[in-house]
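First up is the structure itself, then whatever we jot down about it.
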Amino acid sequence: MNVTDMKIGDQAIIKRVRAQEPVKSRLFAMGIAKGNRIKLLDHTLKKQTWEVEVDGTRVALRDEEAKGIEVEP
Amino acid sequence: MKKIKAVMVGQPNVGKSSIINAISGARLHVGNFAGVTVEKKEVEVKKDGWDIQIVDLPGIYSLNAYTPEEHVAKRYLLFEDYDVIINVVDANVLQRNLVFTLQLLDMRKPTILVVNMIDEVEEKGGSIDREKLSELLGVPVILTSAKERRGVDEILDRLIQIHGQKRCGCKIYYNEKIEEEIERLSKILLKSPHFTDYDQARFYVIRLLEKDEDIYKIVHDLPIFLELHEALGESMRRLCLEFDAEDVRDIFADERNALARSIVMQVMVLPQKETLTDKIDKVLIHPVFGLPIFLFFMWALFQITFEVGSIPMEYIDETITNFAAWLRGILPPGDFSSAITDGVIPAVGAILMFLPNILILFLGINLLEQTGYMARAAFLLDGFLKKFGLQGKAFIPLVSGFGCTVPAYMAARTLKNPKDRLITMLILGFMNCSARLPVYVLLIAAFFPTHNAGNVLFAIYIGGALLGLLVAKVLRMLLFKGEPEPFVMEMPPYRFPSLKALGMELWIKAKIFIKKAGTFIASAAMIIWFLSSYPKNEALVQSYQQRIEHAAPQERKELQNELQARLLEQSYLGQIGKAIEPVFSPLGFDWRLSVATLSGLAAKEIIVSTLATLYAVGEADEHSTTLISKLRENIDFKTAVALIVIIMIYSPCVAAMSTFYAEIPQWAWRAFYTIYPNVLAWILAFGVYNLLKFLGY
């Protein structure tokens, strides 16, 4: 499953991050990397924008990026 | 005196500026990094007989630089000369910050780790073992809180202590498989006489493995390049195979992430879950109420900007007019006096008048940014703006554009992605600025029934905004085709803004604005003044003066106006108007409208006064009934509508254009920006003109 399958408030461990450079480096820099714990905080009404928390950092993502983050509960 | 030079570097939002502000006895200098519009802050401070200089680099997430600011910071770190790196990290998000610290430590330069905002962690029951962290990383660690001024002055002591060292005592090594490859490649690099330092070779090899283009360019010219290139490819293949990865960059990222996680586990007692930001976010980015709350904030900001900002405007205007009059009194009459008092001072004054607006707007935007709300606004709006190829944060400059395009271009700096920023700036001109209002009011009063005036004005504003969004969409599809538009943004926790930092930012912005707009505007105003005042036709002036003297008092004013009109017609500006008349004649414009359109490039309000001069009614404002009736006599309805369309779309005033040029250094984009709105304006005006003609107006 990936981040877009999570429910608000859910937590999971990141298994894999699929993205193109330079987005990938950006995600890493924000702490979205393999093995880190991720929590889904919020999404907009139409689920176009997502807010997650990784080790204390809150990050806003678009649908495309959120779909590329594979997680495991 | 002996000198120490240090660079301060850290990820965005770690509180570097507040540390800089908290250093006692420091003198702050603000400038730009060479060749780019990225702010460079420097402090100088004297301590124990040392002259210490600290350069504050822009916030940078990683050495794999992404935004222009990050490239500036990275190149400074890699290629400039300095003694010590001061790496500031946020104690609240230590792990993420340490990933970048590990990248910095690859350089093996003398480094101090400053763990800031320690008070926030301790308040929530967490703690960090400073000794242990220092031992694991091999560099001095200082726990600071800029808010409580805790630990800040120790930074200077440490700086003096370690600045003479050649390298840091860092003991961080990667997985042995990785180190093996690094060792192998370093040996090749060290064969080149340019490299004698093993640490530097090791660092360059790591950067090469991470596909760093800046470093690649350097080694590309070395004689050992072919050998190195081949070995590099093999190492990458071996590592990818060994770690089952697609890209060596991923291996390093995972490696550093794992290292950082284990360090945090060893040195930090994690705080209890933070709740304040959670609570505020539940309201402010609520799926349903978030947007209305945001719209209210925006409405309030623009109300304050233009209501409060307009209070000092009159005083500034008055002061400048008086100053010009006073100067006219003491300067010897002639061309020089005229150039200064009629050309430069009113033009520079027109810009200074916007200073209160701009400062209030910037204060508001800064406040939104420092409290952390800006990121939420972008979060809320990204979905809508994405449809047009724009980004959530573009909202702020777009709305500022309705006030004045100049601060809007500067507000676009909040967009960190260069492409997003460029597209946003290219369409900002379509947001009708307040200077165009008088022109619209005049034309609407002259050519539309009174009961429809409000609707027409509304249509003009909405039409401009919609056109802007459409153009953004087209630009994204045609010019930035297929390129990714990532939106990965940190949502910083809510914080109370520091008043000192706010004041400092405002002061810096004001200085930059006055300097830039002042120099550009002053020279542009000279040109316009020159074009409209020369060549002088003394014979014409004299013949009119004789007629005026003999004329009846009620006719004098009329003759005076006629003289002005004829002088303007003969001036270079008039000649240019006649020369470009063929361009505008398909829209029904005569040379007067052509000149008025051109003069609008100096400032949009000038269109009104130029029309007044050209149709010989003398001093006039947009409510002048003589001007309205003169316009009705001379212009037909479809031409007036075409003129409105032109004003909506064509290039903004020179002040705005200068700001754009100052912000965007690429000549190709400057040229595109200068040409396309005018072409688009002409085409649309031509279409509207002929449509109305077809409909029988």
Contact list, first residue from the range B:365-392 and closer than 18 Å to B:E505 by Cα, second anywhere and surrounded by 20 or more Cβ atoms within 10 Å (Cβ to Cβ) and among the basic types (K, R), beta-carbon distance below 8 Å, six or more apart or interchain, is B:M374/B:K393
Among B:I19, B:I54, which is among the β-branched types (V, I, T), touching a residue at least 24 places away in the same chain (Cβ under 8 Å) and assigned to a helix (DSSP H, G or I)?
-> B:I19
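I need a count of the residues in the range B:234-256 that are more than 14 Å from chain A (Cβ to nearest Cβ) and under 40 Å from the mean Cα position of the chain (by Cα).
Of the range B:234-256, the ones more than 14 Å from chain A (Cβ to nearest Cβ) are B:234-242.
Filter again for under 40 Å from the mean Cα position of the chain (by Cα), leaving B:236.
Number of matching residues: 1.
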Restricting the range A:53-70 to residues that are closer than 16 Å to B:N257 by Cβ and crowded, with 21+ Cβ neighbours inside 10 Å, the one nearest to the chain's Cα centre (by Cα) turns out to be A:I69
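Being surrounded by 21 or more Cβ atoms within 10 Å (Cβ to Cβ) and either among the acidic types (D, E) or more than 7 Å from chain B (Cβ to nearest Cβ) (or both) is the filter here; which residues of the range A:20-35 pass it?
Correct list: A:K24, A:I32.
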Does B:R108 fit the bill of being touching a residue at least 24 places away in the same chain (Cβ under 8 Å), more than 14 Å from chain A (Cβ to nearest Cβ), surrounded by fewer than 20 Cβ atoms within 10 Å (Cβ to Cβ) and within 35 Å of the chain's Cα centre (by Cα)?
-> no
What number of residues in the range B:181-213 are surrounded by fewer than 19 Cβ atoms within 10 Å (Cβ to Cβ) and either within 29 Å of B:R261 (Cα to Cα) or of a type in the set (D, E, K, R) (or both)?
-> 10
Sole miss for B:A245 among (1) in a helix (DSSP H, G or I); (2) farther than 20 Å from B:L137 by Cα; (3) among the small types (G, A, S) is condition (1)
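Kindly provide the set of residues from the range A:1-16 that are over 19 Å from A:H43 (Cβ atoms) and among the aliphatic types (A, V, I, L, M), ordered by number.
Correct list: A:I13 only.
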Considering residues of the range B:341-380 that are outside any helix (DSSP H, G or I) and in contact with a helix residue (DSSP H, G or I) (Cβ under 7 Å, 6 or more places away or on another chain) only, the residue nearest to B:A324 (Cα to Cα) | B:M353
Residue under evaluation B:V45, criteria (1) modelled with pLDDT of 80 or more; (2) outside any strand (DSSP E or B), criterion not met | (2)
Of the criteria (1) away from every other protein chain (no Cβ under 14 Å); (2) in contact (Cβ under 8 Å) with a residue 40 or more places away in the chain, which one B:L98 fails | (1)
Whichever residue in the range B:485-501 is outside any loop (DSSP other than H, G, I, E, B) and over 20 Å from the mean Cα position of the chain (by Cα) and, among such residues, is nearest to the other protein chains (Cβ to nearest Cβ) = B:M491
Picked from the range B:19-42 (must be of a type in the set (K, R) and either closer than 13 Å to B:E505 by Cα or crowded, with 18+ Cβ neighbours inside 10 Å (or both)), the residue modelled with the highest pLDDT is B:K41
How many residues does the range B:139-180 hold that are surrounded by fewer than 16 Cβ atoms within 10 Å (Cβ to Cβ) and either among the aliphatic types (A, V, I, L, M) or touching a Lys or Arg at 6+ places or on another chain (Cβ under 6 Å) (or both)?
-> 1
Only residues that are farther than 15 Å from B:F430 by Cα and either more than 13 Å from chain A (Cβ to nearest Cβ) or of a type in the set (K, R) (or both): list them for the range B:390-411, please.
-> B:K393, B:M410, B:A411
Being buried (at least 19 other Cβ atoms within 10 Å of the Cβ), within 11 Å of chain B (Cβ to nearest Cβ) and of a type in the set (D, E, K, R), is that true of even one residue in the range A:5-16?
-> no
Check on B:G403, small (G, A, S) and in a helix (DSSP H, G or I) = no
Any hit, the range B:435-453, residues being surrounded by 16 or more Cβ atoms within 10 Å (Cβ to Cβ), at pLDDT below 80, in a helix (DSSP H, G or I) and of a type in the set (G, A, S) = yes
A careful count of residues in the range A:42-67 that are assigned to a strand (DSSP E or B), farther than 17 Å from A:A19 by Cβ and more than 7 Å from chain B (Cβ to nearest Cβ) gives 2
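The values are calculated or read from the model by the stated rules, or taken from the named source; none is laboratory data. For clarity, every value in this text was computed on a predicted model and none was experimentally measured. Counting neighbours? That spans all protein chains shown, and the Cβs are built from the backbone with ideal geometry, glycine included.
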